[in-house]
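Here the structure comes first, spelled out in structure tokens, and everything after it is commentary.
Each value in this text was obtained by applying a stated rule to the coordinates, not by laboratory testing. These numbers were taken from a predicted model, which means no experiment stands behind them. When we count neighbours, we look across all protein chains shown, and the Cβ atoms used for this are built from the backbone with ideal geometry, even at glycine.
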Amino acid sequence: MSGVGIQVDKERCVGAGMCALTAPDVFTQDDDGLSEVLPGRAETTGGHPLVAEAMRACPVGALAAD
């Protein structure tokens, strides 16, 4: 799965917004309140300290990273 980067599982996301609060330079919320990766940030990986924290903060585990 190398090179995939960060992904949001839209089926699992409940729009809690913890990822956008934790790593606002990587995540935002769409018009429906669901999380999404900002344009140009999809290659960010779980090695990014704030992404790793956002993954831990997500209450439903909707984030995945390589």
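Taking first residues from the range 54-66 that are more than 17 Å from Asp25 (Cα to Cα) and touching a residue at least 40 places away in the same chain (Cβ under 8 Å) and partners that are of a type in the set (Ser, Thr, Tyr) and surrounded by fewer than 21 Cβ atoms within 10 Å (Cβ to Cβ), the Cβ contacts under 6 Å between residues at least 6 apart in sequence or on separate chains come to Asp66/Ser2; Asp66/Thr45.
Report, by residue number, each residue of the range 30-66 that is small (Gly, Ala, Ser) and on the phi < 0 side of the Ramachandran plot. Talk me through it step by step, then tell me what you get.
Taking the range 30-66 as the starting set, the residues that turn out to be small (Gly, Ala, Ser) are 33, 35, 40, 42, 46-47, 52, 54, 57, 61-62, 64-65.
Across the range 30-66, the qualifying residues are Ser35, Ala42, Gly46, Gly47, Ala52, Ala54, Ala57, Ala62, Ala64, Ala65.
Scanning the range 45-57 for residues being assigned to a loop (DSSP other than H, G, I, E, B) and closer than 16 Å to Asp9 by Cβ gives a total of 1. Looking only at residues that are touching a strand residue (DSSP E or B) at 6+ places or on another chain (Cβ under 7 Å) and part of a loop (DSSP other than H, G, I, E, B) in the range 10-40, which one is surrounded by the fewest Cβ atoms within 10 Å (Cβ to Cβ)? Among those that are touching a strand residue (DSSP E or B) at 6+ places or on another chain (Cβ under 7 Å) and part of a loop (DSSP other than H, G, I, E, B), it is Asp30.
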